[in-house]
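Notes follow once the structure below has been shown.
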Amino acid sequence: MKVLTVYHTVSGNTEKIAKAIHQEVSKNHESYLKKIEEVDQERLNWHEVVFIGSPCHGGDLSAPVKKFLSNLPESAKFKLALFLTHSSPDRPEFENCFKSFQASAKEKHIISLGDYDCQGRLAPEIQPYVKEARKVSDAEWARMMEINERCPNAADIDKAVQFAREMLSRAQRGMQAAEDAGG
């Protein structure tokens with residue numbers, strides 16, 4: 001299969017996950033890794049699977065990823081899989097990212113294979129804003145940042161690799177079912 005892993009990153013978290021996915025995929029498939037701004041969307045149908053990586057910004061997908069999704073072709077030949085990095089240990093704070101992704105895939109009539117998320121290191125330049133929004137004590141914030149600084153960690157990378165394997169397996173099963181139905 002031809003597989004594209006495309007991502008947007010600010011602090012490097014999403015890039016780490018993208019590279020892990022690409023490395024795993026490239027073991028058995030023709031695999032390409034690109035930053036979102038490097039992708040020629042006219043060539044997306046050359047791939048069977050497109051992994052899309054986004055950081056969570058303000059409780060939603062990043063603006064470049066949202067724009068990328070809005071420009072996807074209708075009824076594309078490829079299948080999508082989302083991977084997401086975020087700074088919050090609380091799923092409700094980033095749940096909308098998954099909803100946005102699923103809505104985009106549904107609107108474009110593109111099969112979504114699944115999604116993966118992991119906590120990432122919070123970029124230092126936005127830490128004061130997040131601390132203020134969360135309304136936590138200095139001690140609680142320090143504890144959160146101590147944990148946050150270690151993310152994504154080796155376990156997160158391992159889970160991303162497992163996610164990549166599962167998404168490719170789902171894509172291959174879908175392709176085999178389509179072949180069986182047609183022939």
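The values are calculated or read from the model by the stated rules, or taken from the named source; none is laboratory data. Note that the structure is a prediction, hence the values are computed from the model and not measured. Quick reminder, even Gly has a Cβ in these numbers, built from the backbone with ideal geometry, and neighbours come from all protein chains shown.
Numbers for the structure displayed
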{"item": "Counted residues, the stretch 78-95 - those being over 30 Å from Glu140 (Cα atoms) and touching a His at 6+ places or on another chain (Cβ under 8 Å)", "result": "1"}
{"item": "Single condition Trp46 does not satisfy, out of (1) among the aromatic types (Phe, Trp, Tyr); (2) more than 15 Å from Glu166 (Cα to Cα); (3) crowded, with 19+ Cβ neighbours inside 10 Å", "result": "(3)"}
{"item": "Test for Asp138: is it modelled with pLDDT of 85 or more and either within 30 Å of Leu44 (Cβ to Cβ) or in contact with an Asp or Glu (Cβ under 6 Å, 6 or more places away or on another chain) (or both)", "result": "no"}
{"item": "Residue count, the stretch 68-114 (criterion: farther than 21 Å from Ser11 by Cα and in a strand (DSSP E or B))", "result": "6"}
{"item": "Within the stretch 59-89, considering residues that are among the small types (Gly, Ala, Ser) and exposed (fewer than 14 other Cβ atoms within 10 Å of the Cβ), the one nearest to Ser104 (Cα to Cα)", "result": "Ser70"}
{"item": "Any chance Lys131 is closer than 13 Å to Ser87 by Cα and of a type in the set (D, E, K, R)", "result": "yes"}
{"item": "Residues located in the stretch 92-112, provided they are under 13 Å from the mean Cα position of the chain (by Cα), closer than 17 Å to Leu72 by Cβ and in contact (Cβ under 8 Å) with a residue 24 or more places away in the chain", "result": "Cys97, Ser100, Phe101, Ser112"}
